[in-house]
Amino acid sequence: MALELKAPRGTGDVLPGDSYKWQWVEQMARETAASFGFREVRFPTFEYTELFERGMGDTTDVVQKEMYTFLDKGERSITLRPEGTASVARVCLEHGLFGGLLPLKLFYLISAFRYEKPQAGRFREFHQFGAELYGSASPVADKEVIELAGSFLQKLQIKDAVLHINSIGCPECRKTYHDALRTYFESRSVDLCGTCQDRLKRNPMRILDCKSPVCKEIASSAPLILDYICNDCREHFESLKQGLTQDGIVFQVDPRIVRGLDYYTRTVFEFTDPQSGLALAGGGRYDGLVRELDPKMQICGLGFAAGIERLISVLEQNGKFVPSAGPDLYLASMGEAAVRFCGALAMRCRAAGWKTETDLMGRSLKAQMKYADKLNAAFTVVVGEDEIASGMLVLRNMRDGTRTEVKAEELPVRLKELLVE
């Protein structure tokens with residue numbers, strides 16, 4: 001059987017010419033998170049399956065249809081993480097982080113895995129920037145998490161994303177809403193997909209998030225959650241709206257947002273791209289998640305995640321990326337002595353912080369200069385016997401052709417002056 005030299009369906013490679021885009025988006029994520037006081041957490045790529053079944057809810061599409069689950073050699077059920085929130089909650093419980101200073105603010109940059117039909121903006125292996133805040137029940141915390149997500153998009157120069165918010169209430173007021181949904185959907189139950197017929201009995205709210213076109217059409221006329229939330233949840237939502245308005249944050253109330261995971265309560269939100277309609281970042285409050293994992297712990301939480309592939313796609317479509325910068329300096333060599341000289345000089349320039357390359361292929365001088373031009377090098381230096389003997393080099397600016405004579409030992413410092421200019 002021939003080896004299949006292709007990445008598995010629904011996955012992708014990041015080539016060297018594009019990796020700088022990922023690095024930049026990740027850098028913006030780290031900088032934005034740090035400005036809000038969020039610290040990074042890292043956790044395993046796989047967890048025990050029960051963590052996701054209990055944390056995310058066994059009526060969700062992710063748990064029912066999309067998880068990569070297998071038995072390891074010890075016959076334990078293991079699942080590749082389909083998201084980050086449940087894992088972060090597990091980390092906090094296992095290491096006693098909830099016993100420290102609150103609120104607890106954490107962020108992560110991860111790959112995640114879901115078995116779903118690959119399409120625009122959806123992959124089977126995908127990457128996320130996520131943030132989690134634990135310990136505050138105040139709508140002020142909801143506002144801060146939403147503003148963190150919005151600030152991240154602004155930092156990426158995505159200025160036209162539309163913020164949609166909703167409240168899906170608490171477990172108490174959702175009981176009445178579930179009754180209303182059951183009454184509505186029972187009249188159309190024969191038209192629902194098999195999964196949603198099961199959801200009708202167990203969790204009718206999940207029908208609102210079904211991807212089936214028929215179920216979507218039926219759900220479009222279903223009762224709205226905002227007509228059923230209790231006074232406490234309504235007051236929380238109104239306070240959130242007031243806070244966003246006071247901070248100058250434009251939003252739309254969208255009663256159809258329910259999010260796809262069972263752990264959400266009260267606030268849910270999404271930032272969407274107005275051109276494609278795709279969600280760029282989304283999240284909300286999940287006050288019952290930690291209690292579901294450990295009934296002794298009564299601690300509320302909220303957060304969001306943003307898909308990096310989608311963000312890069314939108315940035316590319318909007319022409320936000322420019323070609324990656326080449327090396328600061330290319331050292332061209334003529335002869336074996338020059339190769340050794342350039343090697344040592346390159347290490348000194350690199351130690352000073354400059355991206356420096358030398359010839360590794362034994363090319364002619366003409367071929368080296370063509371190569372430096374293709375690399376988009378900012379400066380070049382040609383080193384031969386004369387340069388080694390005199391210790392004087394000619395630094396050529398590849399943008400305008402100007403030449404500067406410089407002592408070899410002063411090259412790193414002189415290069416700094418010219419690059420800053």
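Laboratory data are not the source of any read-out in this text; all were calculated from the coordinates shown. A quick note: this is a predicted structure, and the numbers were derived from the prediction, not measured. For neighbour counting, all protein chains shown are included, and Cβ atoms are generated from backbone atoms with ideal geometry for every residue, glycine included.
Pairs exceeding a 20 Å alpha-carbon distance, out of 65/105; 21/320; 21/117; 21/159: 65/105; 21/117. For the chain, hydrophobic long helices are taken as DSSP H runs at least 20 Å long by C-alpha position along their axis with mean Kyte-Doolittle hydropathy of 1.6 or more; none is present.
For the chain, the mean residue ellipticity at 222 nm estimated from helices alone is -11500 deg cm²/dmol, where every DSSP H run of n ≥ 4 contributes -39500 (n - 2.57) and the total is divided by all residues, rounded to the nearest 500. When only C-alpha pairs under 8 Å and at least 6 residues apart count, what is the relative contact order of the chain, in percent? About 15 percent, as a whole number. Counting only Cβ charges, +1 for Lys and Arg and -1 for Asp and Glu, the dipole size of segment 170-229 around its Cα centre is about 180 debye.
Can you give me the Kirkwood hydrodynamic radius for segment 118-246, using every pair of distinct Cα atoms, in Å to one decimal?
17.3
Note on segment 43-200: with charges restricted to the Cβ of Lys and Arg (+1) and Asp and Glu (-1), its dipole about the Cα centre is near 280 debye. Distance between the modelled labels on residue 193 and residue 363, one decimal in nanometres: 5.3 nm (7 Å Cα→Cβ projection).
Distances between every pair of Cα atoms in segment 218-335, grouped in 10 Å steps from 0 to the bin holding the largest one, split as 10, 29, 29, 15, 8, 5, 3, 1, 0 percent.
Name the trypsin sites (Lys or Arg not before Pro) in segment 160-253 that are in a loop by DSSP and that have at most 13 other C-beta atoms within 10 Å, would you?
211
Placing a label point 7 Å from the Cα of residue 140 along the Cα-to-Cβ direction, the residues of segment 223-253 whose backbone N falls under 18 Å from that point are 235-249.
Residue-normalised convex hull volume from the C-alpha trace of the chain: 212 Å³ per residue.
Restricting to the chain, what percent of DSSP beta bridges are antiparallel, rounded to 5? Expressed as a percentage, antiparallel bridges in the chain total about 80. Largest first and in whole Å, the equivalent-ellipsoid semi-axes of segment 293-343 read 52, 23, 7, each the square root of five times a Cα gyration tensor eigenvalue.
Using the average count of surrounding beta-carbon atoms within 10 Å as a protection proxy, the listed peptides 365-371, 333-339 rank, highest first, as 333-339, 365-371.
Computed from point charges on the beta carbon alone (+1 for Lys and Arg, -1 for Asp and Glu), the dipole magnitude for segment 329-420 about its Cα centre is near 340 Debye. Taking packing as the residue-averaged number of other Cβ atoms within 10 angstrom, the listed peptides 373-380, 276-283 run from highest to lowest as 276-283, 373-380. Apply the a/c threshold of 1.5 to the C-alpha gyration tensor of segment 329-420 and tell me whether it is rounded, prolate or oblate. Here segment 329-420 falls in the rounded category. The loop-placed GluC sites (Glu not before Pro) in segment 61-138, going by DSSP, that have at most 12 neighbouring Cβ atoms within 10 Å of their Cβ come out as 75. Between residue 375 and residue 355, full extension at 0.36 nm per residue minus the direct alpha carbon distance yields a gain of 6.0 nm.
Geometric descriptor of segment 27-110, per residue, is 117 Å³ (volume of the convex hull of the Cα atoms).
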